[in-house]
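Worksheet: one structure, shown below.
The values are calculated or read from the model by the stated rules, or taken from the named source; none is laboratory data. In this text the structure is predicted, and so the values were computed from the model without any measurement. Cβ: placed from backbone, ideal geometry, glycine included. Neighbour counts: every protein chain shown.
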Amino acid sequence: MPAANPVEGATDRLLAYIAASPSPYHAVAGAAATLEAAGFVEVDPAGAWPGPGRGYVRRGGALVAWDAPPGLAASAGFRIVGAHTDSPNLRVKPHPDTATAGWRQLAVDVYGGALVNSWLDRDLGLSGRVALRPEAGGPPELRLLLVDRPVLRLPQLAIHLDREVNDKGLVLDRQQHLRPVWGLGTPTPDGFRRFLAEELGVDPDRILGWEVMAHDLTPPAYLGRDRELIAAPRLDNLSSCWCGVEALTGATGERGTVAVLALFDHEEVGSSTATGAAGPLLEGVLERIVASAGGGRDDWHRALAASVCISADMAHAVHPNYLERFEPGHLLVPNGGPAIKVNVNQRYATDDATAAWFVAACEEAGVPHQVYAHRANLPCGSTIGPITATRLGIPTVDVGNPQLSMHSARELAGARDTEHLVAALRAFYRGAGSASGR
(Lines give C-alpha, C1' and ligand atoms only; values in the text may rest on other atoms or scores of the structure.)
Protein backbone atom coordinates (compact mmCIF):
# COMPACT_ATOMS: atom_id res chain seq x y z
CA MET A 1 0.00 0.00 0.00
CA PRO A 2 1.32 3.51 -0.79
CA ALA A 3 2.03 5.86 2.08
CA ALA A 4 -0.83 8.11 3.15
CA ASN A 5 -0.90 11.49 1.45
CA PRO A 6 -0.80 14.22 4.13
CA VAL A 7 -3.12 16.50 2.15
CA GLU A 8 -5.85 13.92 1.61
CA GLY A 9 -7.90 15.40 4.44
CA ALA A 10 -8.30 18.68 2.57
CA THR A 11 -8.79 16.99 -0.77
CA ASP A 12 -11.26 14.48 0.67
CA ARG A 13 -13.49 17.38 1.70
CA LEU A 14 -13.24 18.89 -1.78
CA LEU A 15 -14.23 15.63 -3.46
CA ALA A 16 -17.16 15.19 -1.07
CA TYR A 17 -18.34 18.73 -1.86
CA ILE A 18 -18.14 18.08 -5.61
CA ALA A 19 -20.03 14.79 -5.30
CA ALA A 20 -22.83 16.55 -3.40
CA SER A 21 -22.98 19.49 -5.86
CA PRO A 22 -24.12 18.29 -9.29
CA SER A 23 -25.86 21.64 -9.98
CA PRO A 24 -25.12 25.26 -9.02
CA TYR A 25 -28.11 25.16 -6.65
CA HIS A 26 -26.62 22.21 -4.78
CA ALA A 27 -23.20 23.88 -4.76
CA VAL A 28 -24.70 26.93 -3.06
CA ALA A 29 -26.63 24.77 -0.58
CA GLY A 30 -23.44 22.94 0.37
CA ALA A 31 -21.47 26.15 0.72
CA ALA A 32 -24.24 27.66 2.88
CA ALA A 33 -24.23 24.63 5.19
CA THR A 34 -20.47 24.91 5.71
CA LEU A 35 -20.73 28.65 6.33
CA GLU A 36 -23.51 28.21 8.88
CA ALA A 37 -21.48 25.58 10.74
CA ALA A 38 -18.74 28.24 11.03
CA GLY A 39 -21.11 30.87 12.47
CA PHE A 40 -22.27 32.66 9.34
CA VAL A 41 -25.92 33.75 9.38
CA GLU A 42 -28.14 33.95 6.29
CA VAL A 43 -29.44 37.47 5.62
CA ASP A 44 -32.69 38.27 3.83
CA PRO A 45 -31.85 40.88 1.15
CA ALA A 46 -35.38 42.27 1.47
CA GLY A 47 -34.96 42.85 5.20
CA ALA A 48 -32.87 45.14 7.38
CA TRP A 49 -29.12 44.63 7.06
CA PRO A 50 -27.26 43.47 10.18
CA GLY A 51 -24.22 45.16 11.66
CA PRO A 52 -20.71 43.66 11.87
CA GLY A 53 -20.31 39.91 11.90
CA ARG A 54 -20.44 36.87 9.64
CA GLY A 55 -23.27 36.71 7.12
CA TYR A 56 -24.25 35.54 3.66
CA VAL A 57 -26.96 35.97 1.06
CA ARG A 58 -27.90 33.51 -1.66
CA ARG A 59 -29.87 33.85 -4.82
CA GLY A 60 -30.39 30.82 -7.02
CA GLY A 61 -27.00 29.42 -7.94
CA ALA A 62 -25.07 32.36 -6.47
CA LEU A 63 -23.90 33.24 -2.96
CA VAL A 64 -22.03 36.15 -1.37
CA ALA A 65 -20.60 35.76 2.15
CA TRP A 66 -18.68 38.20 4.33
CA ASP A 67 -16.83 38.44 7.62
CA ALA A 68 -16.85 42.03 8.94
CA PRO A 69 -14.99 42.27 12.27
CA PRO A 70 -16.49 44.64 14.85
CA GLY A 71 -14.93 48.07 15.09
CA LEU A 72 -13.90 48.46 11.45
CA ALA A 73 -14.41 51.88 9.90
CA ALA A 74 -17.21 52.15 7.35
CA SER A 75 -14.55 52.95 4.74
CA ALA A 76 -12.53 49.78 5.44
CA GLY A 77 -11.62 47.97 2.26
CA PHE A 78 -12.79 44.58 1.04
CA ARG A 79 -10.67 41.53 0.31
CA ILE A 80 -12.76 39.60 -2.19
CA VAL A 81 -12.39 36.08 -3.58
CA GLY A 82 -14.65 35.35 -6.55
CA ALA A 83 -15.43 32.04 -8.24
CA HIS A 84 -18.32 30.45 -10.13
CA THR A 85 -20.66 27.55 -9.38
CA ASP A 86 -21.69 26.53 -12.91
CA SER A 87 -20.02 24.06 -15.27
CA PRO A 88 -20.71 23.12 -18.91
CA ASN A 89 -23.31 20.35 -19.13
CA LEU A 90 -26.56 19.20 -20.75
CA ARG A 91 -29.79 20.91 -19.63
CA VAL A 92 -33.33 19.64 -20.14
CA LYS A 93 -35.57 21.71 -22.41
CA PRO A 94 -39.02 22.97 -21.32
CA HIS A 95 -40.85 20.40 -23.51
CA PRO A 96 -38.36 17.54 -23.59
CA ASP A 97 -40.42 14.42 -24.26
CA THR A 98 -39.64 12.89 -27.65
CA ALA A 99 -39.14 9.50 -29.27
CA THR A 100 -37.43 8.00 -32.32
CA ALA A 101 -37.83 4.46 -33.69
CA GLY A 102 -39.15 3.09 -30.41
CA TRP A 103 -36.62 4.84 -28.14
CA ARG A 104 -37.87 7.33 -25.57
CA GLN A 105 -35.58 10.37 -25.44
CA LEU A 106 -35.23 13.78 -23.78
CA ALA A 107 -34.48 16.99 -25.66
CA VAL A 108 -31.54 18.85 -24.09
CA ASP A 109 -29.50 21.99 -24.71
CA VAL A 110 -25.72 22.22 -24.39
CA TYR A 111 -24.90 24.70 -21.62
CA GLY A 112 -21.60 26.53 -22.04
CA GLY A 113 -18.54 25.34 -23.94
CA ALA A 114 -18.85 21.65 -23.15
CA LEU A 115 -16.61 18.98 -24.63
CA VAL A 116 -19.73 17.19 -25.80
CA ASN A 117 -17.97 13.96 -26.80
CA SER A 118 -17.06 13.46 -23.12
CA TRP A 119 -20.76 12.96 -22.31
CA LEU A 120 -21.09 9.91 -24.55
CA ASP A 121 -21.62 6.45 -23.03
CA ARG A 122 -21.83 7.72 -19.47
CA ASP A 123 -24.50 6.85 -16.96
CA LEU A 124 -26.21 10.15 -16.21
CA GLY A 125 -28.36 11.37 -13.35
CA LEU A 126 -30.41 14.54 -13.12
CA SER A 127 -30.24 17.47 -10.74
CA GLY A 128 -31.26 21.10 -10.40
CA ARG A 129 -34.28 23.05 -9.23
CA VAL A 130 -38.03 22.76 -9.80
CA ALA A 131 -40.60 25.55 -9.39
CA LEU A 132 -43.86 24.37 -7.75
CA ARG A 133 -47.27 25.98 -7.58
CA PRO A 134 -47.86 27.01 -3.93
CA GLU A 135 -50.50 25.00 -2.13
CA ALA A 136 -51.95 27.97 -0.25
CA GLY A 137 -51.15 31.02 -2.34
CA GLY A 138 -47.98 33.10 -2.30
CA PRO A 139 -44.87 32.83 -4.47
CA PRO A 140 -43.82 29.58 -6.19
CA GLU A 141 -41.99 27.05 -4.05
CA LEU A 142 -38.47 26.27 -5.27
CA ARG A 143 -37.42 22.68 -4.59
CA LEU A 144 -34.00 21.08 -5.16
CA LEU A 145 -33.97 17.93 -7.28
CA LEU A 146 -31.37 15.17 -7.09
CA VAL A 147 -31.76 11.95 -9.06
CA ASP A 148 -28.45 10.27 -8.32
CA ARG A 149 -28.99 7.07 -10.27
CA PRO A 150 -28.64 6.14 -13.97
CA VAL A 151 -31.63 7.49 -15.90
CA LEU A 152 -30.04 8.88 -19.10
CA ARG A 153 -27.39 7.82 -21.58
CA LEU A 154 -25.99 9.17 -24.86
CA PRO A 155 -24.97 5.99 -26.73
CA GLN A 156 -22.24 6.23 -29.35
CA LEU A 157 -22.68 4.90 -32.85
CA ALA A 158 -20.99 1.50 -33.24
CA ILE A 159 -17.70 1.62 -35.12
CA HIS A 160 -19.11 -0.90 -37.63
CA LEU A 161 -21.44 1.91 -38.80
CA ASP A 162 -18.74 4.60 -38.92
CA ARG A 163 -15.46 2.94 -39.88
CA GLU A 164 -13.58 6.23 -40.34
CA VAL A 165 -14.37 7.80 -36.97
CA ASN A 166 -10.94 7.06 -35.46
CA ASP A 167 -9.11 8.56 -38.45
CA LYS A 168 -11.33 11.49 -39.42
CA GLY A 169 -12.68 12.38 -35.99
CA LEU A 170 -16.08 12.42 -34.33
CA VAL A 171 -18.50 15.18 -35.39
CA LEU A 172 -21.60 15.63 -33.23
CA ASP A 173 -24.62 17.67 -34.26
CA ARG A 174 -26.03 19.17 -31.06
CA GLN A 175 -29.63 18.88 -32.22
CA GLN A 176 -29.52 15.43 -33.80
CA HIS A 177 -26.89 13.49 -31.87
CA LEU A 178 -27.25 14.80 -28.31
CA ARG A 179 -30.67 13.47 -27.37
CA PRO A 180 -30.16 11.03 -24.50
CA VAL A 181 -32.25 7.88 -24.28
CA TRP A 182 -34.11 7.05 -21.09
CA GLY A 183 -36.37 4.22 -22.08
CA LEU A 184 -38.34 2.42 -24.74
CA GLY A 185 -41.79 2.98 -26.19
CA THR A 186 -43.94 5.98 -27.02
CA PRO A 187 -43.62 9.01 -24.72
CA THR A 188 -46.52 10.96 -23.29
CA PRO A 189 -46.40 14.75 -23.69
CA ASP A 190 -46.01 15.19 -19.93
CA GLY A 191 -43.75 12.20 -19.23
CA PHE A 192 -40.85 14.23 -17.86
CA ARG A 193 -43.16 16.37 -15.74
CA ARG A 194 -44.67 13.23 -14.22
CA PHE A 195 -41.20 11.85 -13.59
CA LEU A 196 -40.27 15.01 -11.68
CA ALA A 197 -43.52 14.83 -9.72
CA GLU A 198 -42.78 11.25 -8.66
CA GLU A 199 -39.25 12.17 -7.60
CA LEU A 200 -40.47 15.13 -5.53
CA GLY A 201 -43.62 13.48 -4.21
CA VAL A 202 -45.98 16.15 -5.55
CA ASP A 203 -48.93 16.37 -7.92
CA PRO A 204 -47.77 16.95 -11.55
CA ASP A 205 -50.11 19.95 -11.80
CA ARG A 206 -47.98 21.74 -9.19
CA ILE A 207 -44.89 21.76 -11.42
CA LEU A 208 -44.57 25.16 -13.11
CA GLY A 209 -41.04 24.86 -14.55
CA TRP A 210 -37.55 23.55 -13.99
CA GLU A 211 -33.82 24.15 -14.32
CA VAL A 212 -32.70 20.53 -14.57
CA MET A 213 -29.38 19.25 -15.89
CA ALA A 214 -27.57 15.95 -16.42
CA HIS A 215 -24.57 14.89 -14.36
CA ASP A 216 -22.10 12.03 -14.66
CA LEU A 217 -22.55 9.45 -11.90
CA THR A 218 -18.92 8.31 -11.70
CA PRO A 219 -17.80 9.43 -8.23
CA PRO A 220 -14.73 11.67 -7.71
CA ALA A 221 -11.57 9.66 -7.04
CA TYR A 222 -7.86 9.79 -6.43
CA LEU A 223 -5.84 8.74 -9.47
CA GLY A 224 -2.32 7.59 -10.20
CA ARG A 225 0.24 5.25 -8.74
CA ASP A 226 0.80 7.50 -5.72
CA ARG A 227 -2.70 9.03 -5.51
CA GLU A 228 -1.22 12.41 -6.43
CA LEU A 229 -4.02 13.30 -8.87
CA ILE A 230 -7.78 13.69 -8.57
CA ALA A 231 -10.39 12.88 -11.23
CA ALA A 232 -13.81 14.47 -10.82
CA PRO A 233 -16.59 16.29 -12.62
CA ARG A 234 -16.94 20.05 -12.25
CA LEU A 235 -13.43 20.78 -10.96
CA ASP A 236 -13.90 23.89 -13.10
CA ASN A 237 -14.94 25.60 -10.97
CA LEU A 238 -16.24 23.91 -7.81
CA SER A 239 -12.63 23.40 -6.75
CA SER A 240 -12.16 27.17 -6.47
CA CYS A 241 -15.58 27.59 -4.80
CA TRP A 242 -14.72 25.05 -2.11
CA CYS A 243 -11.24 26.51 -1.56
CA GLY A 244 -12.85 29.94 -1.11
CA VAL A 245 -15.33 28.61 1.46
CA GLU A 246 -12.58 26.82 3.37
CA ALA A 247 -10.38 29.92 3.32
CA LEU A 248 -13.14 32.27 4.50
CA THR A 249 -14.31 30.05 7.35
CA GLY A 250 -10.73 29.58 8.53
CA ALA A 251 -9.50 33.17 8.13
CA THR A 252 -9.72 34.09 11.82
CA GLY A 253 -7.74 36.71 13.67
CA GLU A 254 -7.48 40.48 13.61
CA ARG A 255 -7.40 42.30 10.31
CA GLY A 256 -8.34 45.70 8.95
CA THR A 257 -10.55 44.66 6.02
CA VAL A 258 -13.84 42.89 5.35
CA ALA A 259 -13.33 39.38 3.94
CA VAL A 260 -15.80 38.56 1.14
CA LEU A 261 -16.51 35.44 -0.91
CA ALA A 262 -18.58 35.76 -4.10
CA LEU A 263 -19.75 32.58 -5.83
CA PHE A 264 -21.45 33.53 -9.09
CA ASP A 265 -23.58 31.53 -11.50
CA HIS A 266 -23.59 31.65 -15.33
CA GLU A 267 -19.86 32.31 -15.86
CA GLU A 268 -19.78 29.65 -18.55
CA VAL A 269 -22.35 31.57 -20.62
CA GLY A 270 -21.00 35.10 -20.18
CA SER A 271 -22.03 36.19 -16.64
CA SER A 272 -24.62 38.71 -17.86
CA THR A 273 -27.45 37.62 -15.55
CA ALA A 274 -28.91 38.65 -12.20
CA THR A 275 -26.77 36.00 -10.49
CA GLY A 276 -23.70 36.38 -12.72
CA ALA A 277 -20.60 38.46 -12.13
CA ALA A 278 -21.87 41.17 -14.51
CA GLY A 279 -25.04 41.56 -12.42
CA PRO A 280 -25.56 43.76 -9.34
CA LEU A 281 -25.44 41.08 -6.61
CA LEU A 282 -21.92 41.64 -5.28
CA GLU A 283 -22.07 45.42 -5.61
CA GLY A 284 -25.34 45.53 -3.67
CA VAL A 285 -23.94 43.43 -0.83
CA LEU A 286 -20.77 45.52 -0.53
CA GLU A 287 -22.72 48.76 -0.50
CA ARG A 288 -25.03 47.54 2.24
CA ILE A 289 -22.07 46.39 4.35
CA VAL A 290 -20.75 49.97 4.20
CA ALA A 291 -24.19 51.43 4.98
CA SER A 292 -24.73 49.06 7.93
CA ALA A 293 -21.49 50.39 9.44
CA GLY A 294 -22.89 53.94 9.26
CA GLY A 295 -21.07 54.92 6.08
CA GLY A 296 -22.23 57.26 3.35
CA ARG A 297 -21.41 57.64 -0.31
CA ASP A 298 -17.90 58.90 0.32
CA ASP A 299 -17.18 55.92 2.60
CA TRP A 300 -18.44 53.62 -0.14
CA HIS A 301 -15.98 55.01 -2.69
CA ARG A 302 -13.14 54.98 -0.15
CA ALA A 303 -13.90 51.33 0.64
CA LEU A 304 -13.74 50.38 -3.04
CA ALA A 305 -10.48 52.29 -3.45
CA ALA A 306 -8.97 50.28 -0.57
CA SER A 307 -10.16 46.90 -1.92
CA VAL A 308 -8.56 44.07 -3.88
CA CYS A 309 -10.04 41.00 -5.55
CA ILE A 310 -8.88 37.49 -6.43
CA SER A 311 -10.70 35.82 -9.31
CA ALA A 312 -10.18 32.10 -8.68
CA ASP A 313 -10.80 29.85 -11.67
CA MET A 314 -9.01 26.79 -12.97
CA ALA A 315 -5.95 27.05 -15.24
CA HIS A 316 -4.57 24.96 -18.10
CA ALA A 317 -1.99 22.39 -17.00
CA VAL A 318 0.46 21.42 -19.71
CA HIS A 319 -0.83 18.40 -21.66
CA PRO A 320 1.96 15.88 -22.33
CA ASN A 321 0.39 14.81 -25.65
CA TYR A 322 -0.19 18.33 -27.03
CA LEU A 323 2.88 20.40 -26.15
CA GLU A 324 2.44 22.47 -29.33
CA ARG A 325 -0.70 24.06 -27.83
CA PHE A 326 1.14 25.68 -24.89
CA GLU A 327 3.39 28.69 -24.43
CA PRO A 328 6.87 27.15 -23.91
CA GLY A 329 7.93 29.42 -21.03
CA HIS A 330 4.69 29.03 -19.04
CA LEU A 331 4.04 25.32 -18.60
CA LEU A 332 1.88 24.61 -15.55
CA VAL A 333 2.25 21.33 -13.66
CA PRO A 334 -0.24 19.85 -11.19
CA ASN A 335 0.79 20.11 -7.53
CA GLY A 336 3.09 23.00 -8.45
CA GLY A 337 0.86 25.52 -6.73
CA PRO A 338 -1.78 27.93 -8.01
CA ALA A 339 -1.04 29.84 -11.20
CA ILE A 340 -1.18 33.60 -11.67
CA LYS A 341 -2.90 34.07 -15.04
CA VAL A 342 -1.69 36.92 -17.26
CA ASN A 343 -3.02 38.17 -20.60
CA VAL A 344 -1.98 41.45 -22.24
CA ASN A 345 -5.37 41.73 -23.96
CA GLN A 346 -7.11 41.73 -20.59
CA ARG A 347 -8.78 38.36 -20.88
CA TYR A 348 -7.42 38.06 -17.35
CA ALA A 349 -7.48 41.07 -15.00
CA THR A 350 -3.96 40.56 -13.55
CA ASP A 351 -1.44 43.39 -13.57
CA ASP A 352 2.00 43.66 -11.99
CA ALA A 353 0.71 45.06 -8.68
CA THR A 354 -2.07 42.52 -8.19
CA ALA A 355 0.25 39.67 -9.17
CA ALA A 356 2.63 40.87 -6.46
CA TRP A 357 -0.16 40.71 -3.84
CA PHE A 358 -0.83 37.08 -4.67
CA VAL A 359 2.86 36.20 -4.66
CA ALA A 360 3.04 37.73 -1.18
CA ALA A 361 0.06 35.63 -0.07
CA CYS A 362 1.67 32.43 -1.39
CA GLU A 363 4.99 33.28 0.28
CA GLU A 364 3.31 34.02 3.60
CA ALA A 365 1.39 30.74 3.37
CA GLY A 366 4.53 28.81 2.40
CA VAL A 367 3.07 27.43 -0.85
CA PRO A 368 4.53 27.48 -4.37
CA HIS A 369 3.04 29.43 -7.23
CA GLN A 370 3.28 29.42 -11.03
CA VAL A 371 2.59 31.87 -13.86
CA TYR A 372 0.42 31.17 -16.89
CA ALA A 373 0.33 32.98 -20.24
CA HIS A 374 -1.64 31.72 -23.24
CA ARG A 375 -0.01 30.84 -26.53
CA ALA A 376 -0.04 33.95 -28.75
CA ASN A 377 -1.54 32.22 -31.80
CA LEU A 378 -4.52 30.75 -29.92
CA PRO A 379 -7.56 32.66 -28.59
CA CYS A 380 -7.58 32.97 -24.81
CA GLY A 381 -10.56 32.26 -22.58
CA SER A 382 -11.65 34.61 -19.82
CA THR A 383 -13.03 34.65 -16.27
CA ILE A 384 -15.11 36.73 -13.88
CA GLY A 385 -11.95 38.74 -13.13
CA PRO A 386 -12.19 41.36 -15.90
CA ILE A 387 -15.97 41.61 -15.37
CA THR A 388 -15.69 42.27 -11.63
CA ALA A 389 -12.81 44.69 -12.10
CA THR A 390 -14.77 46.62 -14.72
CA ARG A 391 -18.00 46.77 -12.74
CA LEU A 392 -16.46 47.83 -9.41
CA GLY A 393 -13.11 49.34 -10.37
CA ILE A 394 -11.33 47.03 -7.91
CA PRO A 395 -7.79 45.86 -8.79
CA THR A 396 -7.99 42.13 -9.48
CA VAL A 397 -5.67 39.18 -9.98
CA ASP A 398 -6.72 36.04 -11.84
CA VAL A 399 -5.41 32.80 -10.36
CA GLY A 400 -6.26 29.12 -10.53
CA ASN A 401 -5.10 25.57 -9.93
CA PRO A 402 -3.85 23.68 -13.01
CA GLN A 403 -6.01 20.98 -14.57
CA LEU A 404 -6.41 18.85 -17.68
CA SER A 405 -9.64 18.02 -19.57
CA MET A 406 -11.19 21.42 -18.87
CA HIS A 407 -14.92 21.46 -19.75
CA SER A 408 -15.04 17.68 -19.98
CA ALA A 409 -17.66 15.68 -18.10
CA ARG A 410 -14.72 14.48 -15.99
CA GLU A 411 -11.59 16.51 -15.31
CA LEU A 412 -8.12 15.93 -13.85
CA ALA A 413 -6.03 17.96 -11.37
CA GLY A 414 -3.38 17.67 -8.66
CA ALA A 415 -4.39 16.47 -5.20
CA ARG A 416 -1.96 18.78 -3.37
CA ASP A 417 -3.07 21.98 -5.10
CA THR A 418 -6.28 21.99 -3.07
CA GLU A 419 -4.37 22.69 0.13
CA HIS A 420 -2.05 25.11 -1.69
CA LEU A 421 -4.90 27.36 -2.83
CA VAL A 422 -6.76 27.25 0.49
CA ALA A 423 -3.60 28.34 2.32
CA ALA A 424 -2.88 31.17 -0.15
CA LEU A 425 -6.46 32.48 0.04
CA ARG A 426 -6.40 32.42 3.84
CA ALA A 427 -3.18 34.44 3.83
CA PHE A 428 -4.81 36.89 1.41
CA TYR A 429 -7.84 37.29 3.67
CA ARG A 430 -5.57 37.91 6.65
CA GLY A 431 -3.88 40.80 4.87
CA ALA A 432 -0.87 39.38 3.02
CA GLY A 433 0.47 41.83 0.44
CA SER A 434 -0.28 45.53 0.26
CA ALA A 435 -2.71 47.76 -1.60
CA SER A 436 -0.09 50.45 -1.92
CA GLY A 437 1.42 51.36 -5.25
CA ARG A 438 -1.68 50.70 -7.35
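Quick notes on this structure:
- ARG225 touching a residue at least 40 places away in the same chain (Cβ under 8 Å), out of contact with any strand residue (DSSP E or B) (no Cβ under 7 Å at 6 or more places or on another chain) and not aromatic (Phe, Trp, Tyr): yes
- Subset of region 113-150 (residues that are of a type in the set (Gly, Ala, Ser) and within 21 Å of ALA29 (Cβ to Cβ)): GLY125, SER127, GLY128, ALA131
- Of the numbered criteria (1) closer than 23 Å to GLY329 by Cβ; (2) of a type in the set (D, E, K, R); (3) crowded, with 21+ Cβ neighbours inside 10 Å, the one GLU411 fails is (1).
- Test result for GLY77, in the same structural domain as ASP298 (by TED's automatic domain parsing) and without any contact (Cβ under 8 Å) to a residue 24 or more places away in the chain: no
- ALA423 being surrounded by fewer than 17 Cβ atoms within 10 Å (Cβ to Cβ), touching a residue at least 24 places away in the same chain (Cβ under 8 Å) and not in a strand (DSSP E or B): no
- Inside region 99-124, residues that are among the β-branched types (Val, Ile, Thr), surrounded by 15 or more Cβ atoms within 10 Å (Cβ to Cβ) and over 20 Å from the mean Cα position of the chain (by Cα) make up a count of 1.
- Scanning region 299-310 for residues that are under 10 Å from ALA74 (Cα atoms) and surrounded by fewer than 22 Cβ atoms within 10 Å (Cβ to Cβ) returns ASP299, TRP300, ARG302.
- Any chance ALA29 is farther than 22 Å from TRP300 by Cβ and either modelled with pLDDT under 95 or part of a loop (DSSP other than H, G, I, E, B) (or both): no
- Of the residues making up region 123-153, those that are in a loop (DSSP other than H, G, I, E, B) and in contact with a Lys or Arg (Cβ under 7 Å, 6 or more places away or on another chain) number 3.
- Every residue from region 90-103 that is in contact with a strand residue (DSSP E or B) (Cβ under 8 Å, 6 or more places away or on another chain) and not in a loop (DSSP other than H, G, I, E, B): LEU90, ARG91, VAL92, LYS93, PRO94, HIS95, PRO96, ASP97, THR98, ALA99, TRP103
- Members of region 211-225 found to be within 20 Å of PRO24 (Cβ to Cβ) and either small (Gly, Ala, Ser) or in a strand (DSSP E or B) (or both), listed by number: GLU211, VAL212, MET213, ALA214, HIS215, ASP216
- The set of residues in region 367-383 that are outside any loop (DSSP other than H, G, I, E, B) and surrounded by 20 or more Cβ atoms within 10 Å (Cβ to Cβ) comprises GLN370, TYR372.
- A single member of LEU392, LEU421 is at pLDDT 95 or above, within 20 Å of TRP242 (Cβ to Cβ), out of contact with any Lys or Arg (no Cβ under 9 Å at 6 or more places or on another chain) and not basic (Lys, Arg), and it is LEU421.
- Filter pass, ILE387 being touching a Cys at 6+ places or on another chain (Cβ under 6 Å) and over 18 Å from ARG234 (Cα atoms): no
- Scanning region 155-201 for residues that are closer than 24 Å to PRO219 by Cα and in contact with an Asp or Glu (Cβ under 7 Å, 6 or more places away or on another chain) turns up PRO155, GLN156.
- Flag if HIS330 is in a strand (DSSP E or B) and under 25 Å from the mean Cα position of the chain (by Cα): no
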